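The values are calculated or read from the model by the stated rules, or taken from the named source; none is laboratory data. Because the structure is a prediction, the values reported are computed rather than measured. Counting neighbours? That spans all protein chains shown, and the Cβs are built from the backbone with ideal geometry, glycine included.
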Amino acid sequence: MDIKTYGVIGAGQMGNGIAQVAAMSGLSVIMNDIKAEFVQNGMNTIIKNLTRSVEKGKMTAAEKDAVLARISPSTALKDMASADFMVEAATENETLKFQIFKQLDEICPVHAILATNTSSIPIGRIAAQTKRADKVIGMHFMNPVPVMKLVEVIRGIATSDETFQTTWDLSIKFGKTPALANDYPGFIANRILLPMINEAVFCLYHGVGTREDIDTVMKLGMNHPMGPLALADLIGLDTCLAIMETLYNGFKDSKYRPCPLLRKYVEAGWLGKKTGRGFFEY
C-alpha cells in the first residue's frame, strides 16, 4: 500500500514524537488533539527537537522547515478523512481508545489502516470496535520516539498480511527497527518491563532500599541506562499503573498485582516528570 498521509491522534509526548519521525520520513502528517493548545504544545516540542538537530549539524535549517511544513495541526477527528494510515496515541484508557476507533472507522477511507500505540491493551479488543478488523494493528513506539529505535508491531487475530507488511515497512521507512509481537496483554516490551518497574516500587514500599539506591543498583549492577523508578517517572506513573492493571486483569495472576504505593502516588497526582513529582522531584 502506498502511504502518503499519516495521521496521529494525540499530540503528547508519544504523539508529537511519532508525528516528527513520520514527517522526517517525507510523509504528510496530520497531528490531532482535543484542544488547540495541546497541538501547539506538541508542535513546540517538535520545533525544539529539530532546532537542536540543526545546532548539532544533523540537519540543515531548510530541512527543518520542510519537516515542519509537512505537519498539519488538527483538533477535529474528521480531518483524518484524508489519512492513508493513522496511529492512535491517546491516553492508555480502554474506553477512550474504543470510542476513538469507532469514530475513526466511520471517518477514515476504506483503505486506511488504523493502528494503535497502546502499551498493553489487546489489539483484538480494539479491532472489534471497527468494521475493518483486518486493517487494525499495534504500532508501539518507545519513548522518546525520535531517539529510540524499536517499534513493536503487534498483530491482532484478524490483522491481514497486507496490513502487517505495510506497518512493518513503514517502521523501517521511519528509521526504526521493527519487532513482531503476538497479541497478549503487555505484548513483549511491557510484559517484561512493567513487572520489573512494579517490583522496584515494591522494594521502595517495603523499605528494601531508598529510591536512589534502588536505581543505582539497576544502573551500575545491571547496566541499565536509567533506574526503574526514574524510568517510571518518565513513562508516567498513571500509564505504569494502567499497564499493570491490564496485565493483572488479562492474566489473573497475582504476580502482576500493582504495588499499593504506585496506586497511592497516582491517586495523589504524583505522576512523574510531567507533573513535577513522582518517585523523584523535577
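Just to be sure I understand, how many residues within region 95-121 are under 24 Å from V151 (Cβ atoms) and not small (G, A, S)?
The first filter runs over region 95-121 and keeps only residues under 24 Å from V151 (Cβ atoms), leaving 96-98, 100-101, 104-105, 108-109, 111-121.
Next, only the ones that are not small (G, A, S) stay: 96-98, 100-101, 104-105, 108-109, 111, 113-114, 116-118, 121.
Qualifying residue count, region 95-121: 16.
Kindly establish whether Y205 is over 21 Å from the mean Cα position of the chain (by Cα) and modelled with pLDDT of 95 or more. Talk me through it step by step, then tell me what you get.
Working: over 21 Å from the mean Cα position of the chain (by Cα): yes; modelled with pLDDT of 95 or more: yes.
Yes.
Please work out which residue is surrounded by the most Cβ atoms within 10 Å (Cβ to Cβ), limiting yourself to region 148-170 and to residues that are among the polar types (S, T, N, Q) and over 17 Å from K131 (Cα atoms).
T167
Could you check D215 against (1) closer than 20 Å to M148 by Cβ; (2) under 20 Å from the mean Cα position of the chain (by Cα) and say which number it fails?
Tallying (1) closer than 20 Å to M148 by Cβ; (2) under 20 Å from the mean Cα position of the chain (by Cα), D215 fails exactly one: (2).
hydroxyl-bearing (S, T, Y) and either within 19 Å of C203 (Cα to Cα) or at pLDDT 95 or above (or both): is that true of T239 in this structure? If you could, list the steps in order and put the result at the bottom.
On the way: hydroxyl-bearing (S, T, Y): yes; either within 19 Å of C203 (Cα to Cα) or at pLDDT 95 or above (or both): no.
Spelling it out, it is not the case that T239 is hydroxyl-bearing (S, T, Y) and either within 19 Å of C203 (Cα to Cα) or at pLDDT 95 or above (or both).
Yes/no matrix, rows are residues, columns are (1) assigned by TED's automatic domain parsing to the domain that holds T163; (2) of a type in the set (S, T, N, Q); (3) more than 21 Å from L170 (Cα to Cα):
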{"site": "T51", "(1), (2), (3)": "yes, yes, yes"}
{"site": "E63", "(1), (2), (3)": "yes, no, no"}
{"site": "K78", "(1), (2), (3)": "yes, no, yes"}
{"site": "A81", "(1), (2), (3)": "yes, no, no"}
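Looking only at region 23-58, count every residue that is loosely packed, with under 15 Cβ neighbours inside 10 Å and more than 24 Å from the chain's Cα centre (by Cα) and tell me the total.
4
Output the residues belonging to region 229-259 that are touching an Asp or Glu at 6+ places or on another chain (Cβ under 7 Å) and assigned to a helix (DSSP H, G or I).
The initial filter retains those residues of region 229-259 that are touching an Asp or Glu at 6+ places or on another chain (Cβ under 7 Å), namely 229-230, 239, 242-243, 258.
Across region 229-259, the qualifying residues are L229, A230, T239, A242, I243.
Would you check if V217 is surrounded by 13 or more Cβ atoms within 10 Å (Cβ to Cβ), β-branched (V, I, T) and without any contact (Cβ under 8 Å) to a residue 12 or more places away in the chain? Talk me through it step by step, then tell me what you get.
On the way: surrounded by 13 or more Cβ atoms within 10 Å (Cβ to Cβ): yes; β-branched (V, I, T): yes; without any contact (Cβ under 8 Å) to a residue 12 or more places away in the chain: yes.
Criteria met by V217.
Inspect region 97-109 for any residue being within 20 Å of the chain's Cα centre (by Cα), outside any helix (DSSP H, G or I) and surrounded by fewer than 21 Cβ atoms within 10 Å (Cβ to Cβ) and give the result as yes or no.
Checked against the condition, which is being within 20 Å of the chain's Cα centre (by Cα), outside any helix (DSSP H, G or I) and surrounded by fewer than 21 Cβ atoms within 10 Å (Cβ to Cβ), region 97-109 yields no hits at all.
Any idea which of A189, A200, A127, A181 is surrounded by 16 or more Cβ atoms within 10 Å (Cβ to Cβ), of a type outside the set (V, I, T) and under 17 Å from L262 (Cβ atoms)?
None of the others qualify; the one that does is A200.
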